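J.: First, the structure itself, so that you have it in front of you.
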Protein chains: 4
Amino acid sequence: MIPNIYTIPLIQLASGDRLSLQVYRFVGAKSGKKVYLQANLHGAEIAGNAVIYQLIEFLKTLQVTQLVGEVWLVPVCNPLGVNQRSHRFASGRYCVYEGKDWNRIFWDYEKSQDDLEEFAKTQINLDIDTIRINYSNKIINHFATLTEKIHSPSSVPFTELFRYRLQSLSIDADYVIDLHTSTDRGLDYLYYFSSRELSAQYFLLDYGILLDDYDGDAFDEAFIKPWLALENTLRQLGREITFDIEAWTLELGSGMQMTPQSVEKGVQGVKNYLLHKGVLALKTKAIAHEMTFRSKSQVTKYYAPVGGMVQARVPLGSEVEAGEKLYEILMFNKTGELPSLIDICAEKDGLVYDVATNHAVNEGEYVLAVM
Amino acid sequence: MIPNIYTIPLIQLASGDRLSLQVYRFVGAKSGKKVYLQANLHGAEIAGNAVIYQLIEFLKTLQVTQLVGEVWLVPVCNPLGVNQRSHRFASGRYCVYEGKDWNRIFWDYEKSQDDLEEFAKTQINLDIDTIRINYSNKIINHFATLTEKIHSPSSVPFTELFRYRLQSLSIDADYVIDLHTSTDRGLDYLYYFSSRELSAQYFLLDYGILLDDYDGDAFDEAFIKPWLALENTLRQLGREITFDIEAWTLELGSGMQMTPQSVEKGVQGVKNYLLHKGVLALKTKAIAHEMTFRSKSQVTKYYAPVGGMVQARVPLGSEVEAGEKLYEILMFNKTGELPSLIDICAEKDGLVYDVATNHAVNEGEYVLAVM
Amino acid sequence: MIPNIYTIPLIQLASGDRLSLQVYRFVGAKSGKKVYLQANLHGAEIAGNAVIYQLIEFLKTLQVTQLVGEVWLVPVCNPLGVNQRSHRFASGRYCVYEGKDWNRIFWDYEKSQDDLEEFAKTQINLDIDTIRINYSNKIINHFATLTEKIHSPSSVPFTELFRYRLQSLSIDADYVIDLHTSTDRGLDYLYYFSSRELSAQYFLLDYGILLDDYDGDAFDEAFIKPWLALENTLRQLGREITFDIEAWTLELGSGMQMTPQSVEKGVQGVKNYLLHKGVLALKTKAIAHEMTFRSKSQVTKYYAPVGGMVQARVPLGSEVEAGEKLYEILMFNKTGELPSLIDICAEKDGLVYDVATNHAVNEGEYVLAVM
Amino acid sequence: MIPNIYTIPLIQLASGDRLSLQVYRFVGAKSGKKVYLQANLHGAEIAGNAVIYQLIEFLKTLQVTQLVGEVWLVPVCNPLGVNQRSHRFASGRYCVYEGKDWNRIFWDYEKSQDDLEEFAKTQINLDIDTIRINYSNKIINHFATLTEKIHSPSSVPFTELFRYRLQSLSIDADYVIDLHTSTDRGLDYLYYFSSRELSAQYFLLDYGILLDDYDGDAFDEAFIKPWLALENTLRQLGREITFDIEAWTLELGSGMQMTPQSVEKGVQGVKNYLLHKGVLALKTKAIAHEMTFRSKSQVTKYYAPVGGMVQARVPLGSEVEAGEKLYEILMFNKTGELPSLIDICAEKDGLVYDVATNHAVNEGEYVLAVM
């Protein structure tokens, strides 16, 4: 089975050169769900590219009858982020021109809609599929109006153009999977949304963090929030519905790397999820994997209380207890004193799931995170 | 009259060196209003430093009896922003570590308070001064709780430390004046808030933009929004009050420069405003200057619709009409074509009040703004 | 007359996108000299792109009989430099990955050759055209060996690939013209090499700086130094020859801009030079313009002796005398003192030909230059 | 034994804040050699700070009689480099203002001296200690003249100020030890100079690279090159002398980290070297460690021949054979093709001693190095 490949112009640079997106689209014999996967939205988070490469290799081996619906794959989905450098490093985390996080720029229909309750009332007695279609059309129609501003003489800042291009590909999807990694060094886990715990377990990862506390305008949020809002409003009106619409952010290990184990977990997880959703029509059966769930609001990030050099840090993956030493800072000074060591201890119990790559810290810089 | 000078440690760097804030505080013989001025929150916006220098020189010539209340002056208030470089340029607009605009990080009491209506009801029959004190205490007490997190082992990201230090100096002020300039090339104007048009005219500038559309967490907003919210709530409860609490952002010309005319306007404007407010007890009488007022929501920013080089741009300060050519882009390509020129025309009438310093544009980069 | 247009792949980015060079080549009916022009080697120095655009427009109006030889034009010749950003600014002066000035990376045959005297002795009695051909072949053959390393598994750093691509286009030219501007704000002038004063005057500029003190591996140097070395060696052997080989760097005003007057000077200068060289076969006669010549070794650059903000700087283009005040620094401190002003005076007489765009200076940052 | 601690102002920033150097100087009861150690000249290379901290702790435990001569220790010796950030990373490898490698800026007396042969002739019959003193005075006197330019109105760029401050501390040392790490991920090894193999072995490291091919103006080079030049000239005049003057650059593991094993090796190595040199007067005996020596000119660095993502790279520390696969690149494209894998094989046998942290590569970016 061979994918359709679409090359989509993304941006014309000052030099006249153009950067593009490229979509690999596998279409099954039978119509069904649309799955949208992208990788490398943050420039340093490259592991998902290897996941997508291996999924392409895998999907190529299938018969069209073994795929139900469509799978869209977009590796290296943010060329400006991927190619950016500062000496040999590159987080590509934010647009250096606009000073904005590449994953906090997306169009969130929930924020622009003001008639949700009104709409919900008109749908309250319809069947779930009809509501689904009606709301989807509403979102897509509103999204389409964004082109007006893009094509006006004043146009839009690049981040708005970029989000439009990416969301054009995914706005009508059923399942959106955004492949990330830590900026620094991290475990493998996923971010999920309210009421999607059951599905989460098919990604075969050990940890899941519930996005109960929004960052705002992230890719996954922007996709699913309007649906969560509708579910919520219908619930308040007495109708309990959960749409089969899902958004996932998978965190596959460390930044600037494609750790083979993390890539392998990503590949296996996505395949198993597609199996579970019936997108892959294979003999194998999908497996649910027991997960530890936490909430984003309960995560504690540790920032350096003084400037200096971090040493004796607990290893990534450690379970720590409140009061236990997490790391020490070798602190220098310019006031004629000897250098000294400062201990920093855990505020509460938890799992160290992410640690900084850079062990030199100005005051207030990130050291590690505990879930 | 000699100011008190306070040097306040701001951040310890990884190298052990420390950067500081320094406050120049002039205290009059009679107590009265507290005026807080700062400059250079964005690293490239340096003109306000010269304004503060000239105000210090001026205040030094006064007798203590000529000052009623206090004036706090904080030049170069963001050392990390001021000292940052990328080759010879430096916008210092955002924290390169956190990727956040230095003027979108401030603590906004309005966002954390959930009992405003309840509080307003308890104040509805009190006199304005008492309400003023009660609410001010409420804000200050809440602000004080931020130190807890700062001093916990997990501490806070530097932007939260920084905002705490700056807002500590200004939280109890009556008038807050934040001296900015364009990032690029700009006219002299100010940003003001709802119901402050009359005071605005004492800054002697030609243009004022009403912040009817918040950027979110800017220094001026964070200071005044809780008060505007209280005014609004009291109004809804039937009590019409405007507190003598004001926040201003003055835009004094172009970035990376201290244009003498813009500096002079800043100095004259602030003096006249202080005179108007009775902080300066001089023989001279304050003058109101006729201003053109616009709303932020009506401003149009133009972004390049293609990549290339901007030329033939209308000059800064031009009045343009809808359909008139604003600029052209010399567009190159890498597809074997000759270079070409693209015209961009005004969408509507207005004043070109800000233009980009850099005339090379990737698609979606800023070119100019019309109010 | 229509140019041949060649699009040459330059670099494949991590995202799989490619950036290219594009050459516009006009070939006259009669063979003759090869003129090579490029613009925008430093990313912020864009004025030369407008010069090249206008030259293309002009050359298109000519008959093939009006051109003798060929003119190669390469605008936006350094896409990585042109497209780089740090917030809204971009000097694009150095490769951010390798930390190298884009104009100090070129292959200089003089440095690798060790048999110059030997070679010169074999040529001493030949006619100038034969020597010219022999030496040119020697250079080109040596240059061709660079591909071996490029195509080896270990390959080369990008700057070496880039220089190879650009020098491939120009290595066999007769006249090389590299269009630059100031990084900051500058007058219009050119850099020239030993014994080329007469030709220099046909560029119609007021000032010329002799490169008696090499920066090392600049584009113009790398092109002409081997020829200067041969001229010098032949001279020592008793043969006085000046090859009709010339390299020029034109500095056309300020960075990040395409100042119309500077662009116009560039266009007129290049046309007049081509006329003088017989490359343009028109009725008009080339004019020599009286120039002031200085040596690079006599230029004085002023660096800030303290940190602070530059004000009261003499205007660009001022003639100053030793002892005259050049600028002052408004110096702040964090030691509890009042801010103060520091005067900086000229060390010697001269013309202020370049001034910094950014008026905020850390100690040791550039302020202005006097020739 | 307590060190003298000197705080030396290094630079005044635009904000008025100052950054400093701080020297820890231990002076023994008996006079003798001067040892100079510094760490963190490149901003990301922090391991040496922990080495210096542990050496300070160790030296504090000694009696003054156990130290012969003096040991000067300068941790975090480049505050601008140490504190620089680009999101969470920071190579601090080059001065972002001047675009210069912080370790290619030093004053090299060999380059400015033009009377070496003449001087050598006057010394040819003197004893080694007298020559040593005479030449040292010559160097120091010449170095002292640099202050003139620094204190002139035109002053010097910051890199020249910085080098002056650091070299002031070390110019009269006998042994200079510069503690570095890889920018990326590296083994532990040292760089040494001609005729210093025997001493090298006392640092207890497994690998040494002879600097037979100068980078130019590095700290170690600038210190020792004048002495090597004198040794060489005397040798040509028939006098064989090796001065007891040594310069070392220790590479202690990976960038942005203080790997405990690398730090420990650094501490043990320096102690053993000081013992060997008689600077530490302890009971223990210095041990020579067998080393593998290579030449810098034989090192092969591999750069990506295409853009993409590096995977399946041989581990750091691997011995590879010519023809063996070193790594593969997962290459994407924007031309409608499937992604593909490219293998890169070793050109020759050797040890993989350094590998890139970032596995995303634009064409021409660094991947690994083989010695």
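Bear in mind that the values in this text are calculations on the coordinates, not laboratory data. The structure presented is a predicted model; accordingly, all values stated were derived computationally and were not measured. Because the Cβ atoms are built from the backbone with ideal geometry, glycine has one as well, and the counts that use them run over all protein chains shown.
J.: Mind listing the Cα extents of region A:105-216 along all three principal axes, in Å, largest one first?
T.: So the extents along the principal axes, rounded to whole Å, are 45, 43, 23.
J.: Separate question: Which whole-percent values make up P(r) of region A:175-231 when all C-alpha to C-alpha distances are grouped in 10 Å steps starting at zero?
T.: Whole-percent P(r) values from 0 Å outward: 19, 57, 23, 2.
J.: I would also like to ask the following. Along region B:157-170, what does the Karplus equation 6.51 cos²θ - 1.76 cosθ + 1.60 (θ = phi - 60°) give for ³J(HN,Hα), rounded to whole Hz, x for Gly and Pro?
T.: x, 4, 4, 6, 5, 4, 4, 4, 5, 5, 5, 4, 6, 10
J.: Would you calculate a helix-derived [θ] at 222 nm for chain C, using -39,500 (n - 2.57) for each DSSP H run of n ≥ 4 and dividing by the full residue count, to the nearest 500?
T.: On the way: 10 runs with 105 residues, N = 371.
Helix contribution divided over all residues of chain C: -8500 deg cm²/dmol.
J.: Taking neighbour Cβ counts within 10 Å as the exposure measure, how do C:Glu240, D:Glu328, B:Glu117 sort from fewest upward?
T.: Details: C:Glu240 7, D:Glu328 17, B:Glu117 12.
The order, fewest Cβ neighbours first, is C:Glu240, B:Glu117, D:Glu328.
J.: Nearest-5 percent of antiparallel DSSP beta bridges in the protein assembly as shown? Each step should come with its number before you reach the end.
T.: Working: 168 of 265 bridges.
For the protein assembly as shown, the DSSP antiparallel bridge percentage is about 65.
J.: If the label for B:Tyr6 sits 7 angstrom from Cα along the Cα-to-Cβ line, what are its distances to the same label in every other copy, in nm to one decimal, shortest first?
T.: 3.7, 6.0, 6.8
J.: Take the cross-link list C:Lys271/C:Lys296; C:Lys225/C:Lys265; C:Lys149/C:Lys271; A:Lys149/A:Lys301; B:Lys138/B:Lys285; A:Lys121/B:Lys296 and give me the ones stretching past 31 Å between alpha-carbons.
T.: Working: C:Lys271/C:Lys296 26 Å; C:Lys225/C:Lys265 27 Å; C:Lys149/C:Lys271 39 Å; A:Lys149/A:Lys301 39 Å; B:Lys138/B:Lys285 36 Å; A:Lys121/B:Lys296 35 Å.
Among C:Lys271/C:Lys296; C:Lys225/C:Lys265; C:Lys149/C:Lys271; A:Lys149/A:Lys301; B:Lys138/B:Lys285; A:Lys121/B:Lys296, the Cα-Cα distance tops 31 Å for C:Lys149/C:Lys271; A:Lys149/A:Lys301; B:Lys138/B:Lys285; A:Lys121/B:Lys296.
J.: If you rank D:Asp172, C:Asp129 by fewest surrounding Cβ atoms within 10 Å, what's the result? Intermediate results must be reported in sequence, preceding the final value.
T.: Numbers: D:Asp172 14, C:Asp129 10.
Fewest to most other Cβ atoms nearby, the residues stand as C:Asp129, D:Asp172.
J.: Please report, in whole Å, how far the alpha carbons of chain A spread along each principal axis, starting with the longest.
T.: 73, 51, 48
J.: Quote the Stokes-Einstein diffusion coefficient, in whole µm² s⁻¹, for region C:193-342, based on the Kirkwood radius over alpha carbon pairs, a temperature of 20 °C and a viscosity of 1.002 mPa s.
T.: Details: Rh = 19.2 Å.
Answer from the Stokes-Einstein relation: 112 µm²/s.
J.: Calculate the translational D of region A:38-110 in whole µm² s⁻¹ from Stokes-Einstein, where the hydrodynamic radius comes from the Kirkwood formula applied to all Cα pairs, the temperature is 20 °C and the viscosity 1.002 mPa s. List each step's numbers first, then the result.
T.: Working: Rh = 14.0 Å.
Rounded, D is 153 µm²/s.
J.: Here's a follow-up. Check cross-link reach from C:Lys334 to the lysines: straight Cα distance under 21 Å, and skip same-chain residues fewer than eight apart.
T.: A:Lys334, B:Lys60
J.: If R₀ is 22 angstrom, what is the calculated FRET efficiency for the pair C:Glu321 and B:Thr61, using the beta carbon separation as r and rounding to 0.05? Mind showing how you got there, number by number?
T.: Working: r = 34 Å, r/R0 = 1.55.
That gives a FRET efficiency of 0.05.
J.: If you take the Cα Rg of the protein assembly as shown and divide it by 2.2 N^0.38 Å, with N the number of residues, what do you get?
T.: On the way: Rg = 33.5 Å, N = 1484, 2.2 N^0.38 = 35.3 Å.
The value comes to 0.95.
J.: Here is a further query. By the scheme Lys and Arg +1, Asp and Glu -1, what is the net charge of all other residues having a beta-carbon under 10 Å from that of A:Val299?
T.: Working: positive: A:Arg294, A:Lys296, A:Lys301; negative: A:Asp213, A:Asp354.
Taking every other residue near A:Val299 into account, the sum is +1.
J.: Another question about this same structure. Shape call for region B:1-145 from the C-alpha gyration tensor, a ≥ b ≥ c root eigenvalues: rounded (a/c under 1.5), prolate (a/b greater than b/c) or oblate?
T.: Working: a/c = 2.44, a/b = 1.25, b/c = 1.95.
Judged from the Cα gyration tensor, region B:1-145 comes out oblate (a/c at least 1.5, b/c at or above a/b).
J.: With an 8 Å cut-off on Cα pairs and a minimum separation of 6 or more residues, tell me the relative contact order of region B:299-370 in percent. Mind showing how you got there, number by number?
T.: Values: 166 pairs, mean separation 31.6, N = 72.
Relative contact order here is 44 percent.
J.: From the phi of every residue in region D:207-222, what ³J(HN,Hα) in whole Hz does the Karplus formula 6.51 cos²θ - 1.76 cosθ + 1.60 yield, where θ is phi - 60° and glycine or proline is x?
T.: 10, x, 10, 6, 7, 8, 9, 6, 6, x, 6, 6, 4, 5, 4, 4
J.: On a 0 to 90° scale, report how tilted helix D:260-276 is relative to the longest principal axis of chain D, with both axes built from alpha carbons and the result rounded to the nearest 10.
T.: So the inclination is approximately 30 degrees.
J.: Compute the angle between helix A:47-60 and the longest alpha-carbon principal axis of chain A, please, reported from 0 to 90 degrees and rounded to the nearest 10.
T.: 30
J.: Could you give, in nm with one decimal, how far D:Glu321 is from each other copy of that position, shortest first, with labels 7 Å out from Cα toward Cβ?
T.: Distances to the matching label points in the other copies: 5.4, 8.1, 8.3 nm.
J.: Go through region C:189-202 residue by residue and turn each phi into a ³J(HN,Hα) via Karplus (6.51, -1.76, 1.60, θ = phi - 60°); whole Hz please, and just put x for glycine and proline.
T.: So the J values, rounded to whole Hz, are 7, 9, 9, 9, 10, 2, 6, 10, 4, 4, 4, 3, 5, 7.
J.: Using 1/(1 + (r/R0)^6) with R0 = 22 angstrom and r between the beta carbons of A:Ser152 and A:Lys111, what's the FRET efficiency to the nearest 0.05?
T.: Working: r = 21 Å, r/R0 = 0.96.
In this case the efficiency is close to 0.55.
J.: With a 10 Å Cβ neighbour count serving as the proxy for reagent exposure, in which order, fewest first, do A:Val96, C:Val306 appear?
T.: Details: A:Val96 24, C:Val306 21.
The most exposed by this proxy come first: C:Val306, A:Val96.
J.: For C:Gly32, which sequence-distant residues (separation of 5 or more, or a different chain) have an amide H within less than 5 Å of its own amide H, given hydrogens modelled in the peptide plane?
T.: Residues meeting the criterion, in which the H sits 1.01 Å from N, are C:Gly69, C:Glu70.
J.: Please report, for C:Gly216, the nm distances (one decimal) from its label point, 7 Å out from Cα along the beta-carbon direction, to the equivalent points in the remaining copies, shortest first.
T.: 0.3, 4.9, 4.9
J.: Still on this structure, I have one more. What's the minimum Cβ distance from chain B to the axis relating it to A, in whole Å, and which residue gives it?
T.: Here the value is B:Gly99, 3.
J.: Roughly how many nanometres apart are two label points built 7 Å out from the Cα toward the Cβ at C:Ile2 and A:Thr335?
T.: Label at C:Ile2, label at A:Thr335, 7.6 nm between them.
J.: Now for a separate question. Out of residues 5 or more away from B:Lys100 or on other chains, whose amide H comes under 5 Å of its own, with H placed 1.01 Å from N in the peptide plane?
T.: B:Cys95
J.: Just to be sure I understand: of the beta bridges DSSP finds with both ends in chain D, what percent are antiparallel, rounded to 5?
T.: 65
J.: Within chain A, what's the longest stretch lacking trypsin sites (Lys or Arg not before Pro) that sit in DSSP loops with no more than 11 other Cβ atoms inside 10 Å? Spell out each step's value before the answer.
T.: Numbers: sites that count: A:Lys283, A:Lys285.
Longest run free of exposed loop sites: A:1-282.
J.: Oh, and also: Search the structure for amide H atoms under 5 Å from the amide H of C:Gln22, placed 1.01 Å from N in the peptide plane, and list their residues when 5 or more places away or on another chain.
T.: C:Ile8
J.: With the crude spin-label approximation of a point 7 Å out along Cα→Cβ, what separation in nm comes out for A:Arg239 versus A:Ala29?
T.: Between A:Arg239 and A:Ala29, the label points sit 3.7 nm apart.
J.: On to the next question. Can you give the local net charge around B:Leu252? Use residues other than it whose beta-carbon is closer than 10 angstrom to its beta-carbon, Lys and Arg +1, Asp and Glu -1.
T.: Numbers: positive: B:Lys265; negative: B:Glu45, B:Asp188, B:Glu251, B:Glu264.
Spelling it out: positives minus negatives among the neighbours equals -3.
J.: Another one. Based on the Cβ-Cβ distance from D:Ile342 to A:Glu197, what FRET efficiency comes out when R0 is 41 Å, to the nearest 0.05?
T.: The formula returns an efficiency of 0.50 here.
J.: Rounded to the nearest Å, what's the spacing between the alpha carbon centres of region D:175-199 and region C:232-258? Just the number, please.
T.: When both Cα centres are located, 42 Å separates them.
J.: How big is region D:299-370 along each principal axis, measuring the range of its Cα positions in Å and listing the largest first?
T.: 39, 22, 17
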